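Notes for the one structure printed next.
Values quoted throughout were computed directly from the atomic coordinates according to the rules given, and no laboratory measurement underlies them. None of these values were measured; they are calculated from a predicted model. Glycine gets a Cβ as well: all are built from the backbone with ideal geometry, and neighbour counts include every protein chain shown.
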Amino acid sequence: MSFLLAPSLLSADFLHLENEIKMVNASNADWLHLDIMDGVFVPNISIGFPVIKSIYKVCTKPLDVHLMIVDPQKFIPEFRDLGVQYLSVHYEVCAHLHRTIYQIKDAGMKASVVLNPHTPVEVLTDILEDLDMVLIMSVDPGFGGQKFIERSYDKVRRLRAMIDKRGLNTLIEVDGGINLERGKLMLEAGANVLVAGNAIFKADDPIQYMKQMKTE
Ligand code: DX5
Ligand code: ZN
């Protein structure tokens with residue numbers, strides 16, 4: 001099954017970030033997933049612009065940025081200037097989601113909406129056509145290594161049905177608790193982009209683990 005693999009840098013060794021990114025460059029990962037947190041929308045703070053700028057200098061894979069911040073529309077030009085290709089904003093913080101999506105697209109990036117575990121896929125009924133990707137959270141956003149929420153398979157199945165019924169090619173990305181086994185089940189449910197943090201970066205051999213995820 002053809003799909004895209006996006007390792008989440010949140011679980012990397014931040015003391016040796018350059019080595020971790022070069023490892024991802026050398027792997028068969030398709031994108032690098034970056035988690036940006038503000039301590040307001042989620043109870044954690046991760047990395048900001050100076051770090052992303054340094055990452056962009058070394059990373060040869062497209063950057064897939066997951067914004068867990070309030071007012072994401074404020075920073076769209078900055079993310080574009082940092083070479084971001086896919087920009088994901090949370091449904092839960094966007095009062096004017098349609099406007100934000102078109103600001104992202106007009107800036108030259110692919111636009112994606114993220115849904116928290118409690119947000120039903122049906123809220124996208126009137127915006128699905130405008131999206132390049134939907135990101136389904138299979139944990140509550142904020143931390144790596146959390147317990148996977150089993151109900152997420154059903155959400156992906158329902159979203160896949162909505163997308164196929166309309167003949168769209170919107171990507172479905174899943175994020176949270178994904179490993180080899182759950183990744184396979186998510187692909188069967190209809191996802192086509194897998195994010196994985198802990199499963200990859202805490203593996204004995206991350207390159208080998210990614211190879212297995214891509215081929216098994
Ligand atoms: C959680 C982040 C994830 C996280 C996934 O808020 O959005 O991208 O890094 O980590 P794992 O795969 O360990 O659940
Ligand atoms: Zn993420």
Practice task
Compare the peptides 139-146, 171-178, 41-48 by average per-residue count of other Cβ atoms within 10 angstrom and give them in order, highest first.
Solution key: 171-178, 139-146, 41-48
Practice task
Please turn the phi angles of the stretch 58-72 into ³J(HN,Hα) values with the Karplus equation 6.51 cos²θ - 1.76 cosθ + 1.60 (θ = phi - 60°), one per residue in order, whole Hz, x for glycine and proline.
Solution key: 9, 6, 9, 9, x, 8, 10, 9, 9, 8, 10, 9, 7, 6, x
Problem - 3J(HN,Hα) from dihedral phi, the stretch 177-194, Karplus parametrisation 6.51/-1.76/1.60, rounded to Hz, x for glycine, proline - result: x, 7, 9, 3, 5, 5, x, 4, 5, 5, 5, 5, 6, x, 6, 9, 9, 10
Completion exercise
For Leu34, other-chain or 5+-apart residues with amide H closer than 5 Å (H placed, Pro excluded) are Asp64, Val65, His66
Exercise for the section: Output the antiparallel fraction of DSSP beta bridges having both residues in the chain, as a percent to the nearest 5. Expected result: 5
Completion exercise
Rounded to whole angstrom, the alpha-carbon centroid of the stretch 1-47 lies from that of the stretch 70-120 at a distance of 18
Practice task
List, in order, the whole-Hz ³J(HN,Hα) value for each residue of the stretch 84-94 obtained from phi through the Karplus relation with A = 6.51, B = -1.76, C = 1.60 and θ = phi - 60°; use x for Gly and Pro.
Solution key: 5, 9, 10, 10, 10, 10, 6, 3, 5, 10, 9
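What ranking, highest mean first, results for peptides 16-23, 180-187 when packing means the other Cβ atoms within 10 Å averaged over each residue?
For the peptides 16-23, 180-187, the packing ranking is 180-187, 16-23.
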Completion exercise
If N is the residue count of the chain, its Cα Rg over 2.2 N^0.38 Å rounds to 0.94
Exercise for the section: Taking the dipole about the Cα centre of the chain, with the C-beta of Lys and Arg at +1 and of Asp and Glu at -1, give me whichever of Gly167, Phe49, Val93 is farthest to the positive side. Expected result: Gly167
Completion exercise
Given backbone amide H placed at 1.01 Å from N, residues whose amide H is under 5 Å from that of Ser138, ignoring those fewer than 5 places away on the same chain, are Asp175, Gly176
Practice task
May I ask you to sort Thr60, Thr119, Thr100 by Cβ crowding, counting other Cβ atoms within 10 Å and putting the fewest first?
Solution key: Thr60, Thr119, Thr100
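What is the order of Phe49, Phe201, Phe148, fewest Cβ neighbours within 10 Å to most? Don't skip to the answer; put the middle values down first.
Working: Phe49 13, Phe201 21, Phe148 16.
Sorted ascending by nearby Cβ count, the order is Phe49, Phe148, Phe201.
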Handout entry: Cβ-placed point charges (K, R +1; D, E -1), dipole of the chain about Cα centre in debye, nearest 20
Key = 260
